[in-house]
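What follows is one structure encoded as C-alpha cells, with my remarks underneath.
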Ligand code: 5GP
Ligand code: ZN
C-alpha cells in the first residue's frame, strides 16, 4: 500500500472521510469537488495504479465495481433519471489520483 496514495490513506482511515458504503473490498464516498448533484467515487481497497495496470486477477474487482454502481445509483435515487459511470485513465484522460476508481455522476433531472 503506497503511503503517498490519497485513496489508500482514505481506505485506511488516515484521512477521515464519510463512507456511504464499505465492504471487504470497496469503499464509496462523495467526491470533494462534485461535478453534479450526485458525484460518488467507488474505490477498490486494493491499490491498482490505473486501468493500464489491471491484471487478469483484477477482473472480479472491476466487475464488482459495476454491481456497486448499480446499487449506489438506486440508493442515491438516480437509477431511473440516469447517471454516468466514468474511469479517467492516465494524465491525458484526466486521472489525478493514481488509484483506480469509478466515478458515478448524476442527479440533474430527478
Ligand atoms: P480522477 O481525476 O483521478 O479520476 O478523480 C479524482 C477525484 O478525486 C476528483 O474528482 C477529486 O475531486 C477527488 N478528490 C481529490 N481529493 C479528494 C479528497 O481528499 N476527498 C474526496 N472525497 N475526493 C477527493
Ligand atoms: Zn492507493
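Bear in mind these aren't lab numbers, they're just calculated from the coordinates by the rules spelled out. Computed from a predicted structure; not experimentally measured. All Cβ positions, even for glycine, are placed from backbone atoms using ideal geometry, and neighbour counts span all protein chains on display.
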* R0 of 25 Å, Cβ-Cβ distance residue 46-residue 74: FRET efficiency to nearest 0.05 -> 0.50
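When the helix-only estimate is applied to the chain (DSSP H runs of n ≥ 4, each -39,500 (n - 2.57), divided by the residue count), what is the mean residue ellipticity at 222 nm, nearest 500 deg cm²/dmol? Please report the intermediate quantities before stating the final value.
Values: 2 runs with 23 residues, N = 110.
Dividing the helical sum by the residues of the chain leaves -6500 deg cm²/dmol.
I'd like the FRET efficiency for residue 53 and residue 20, computed as 1/(1 + (r/R0)^6) with the beta carbon distance as r and R0 of 22 Å, rounded to 0.05. Walk me through the numbers before you get to the answer.
Working: r = 26 Å, r/R0 = 1.18.
Efficiency computed from Cβ-Cβ geometry: 0.25.
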* In nm, give the distance between the simple-model label positions of residue 81 and residue 13, each being 7 Å from the Cα along the Cα-to-Cβ direction. => 3.3 nm
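How large is the convex hull of the C-alpha atoms of the chain per residue, in Å³?
Numbers: hull volume 11.3 nm³, N = 110.
Here the figure is 103 Å³ per residue.
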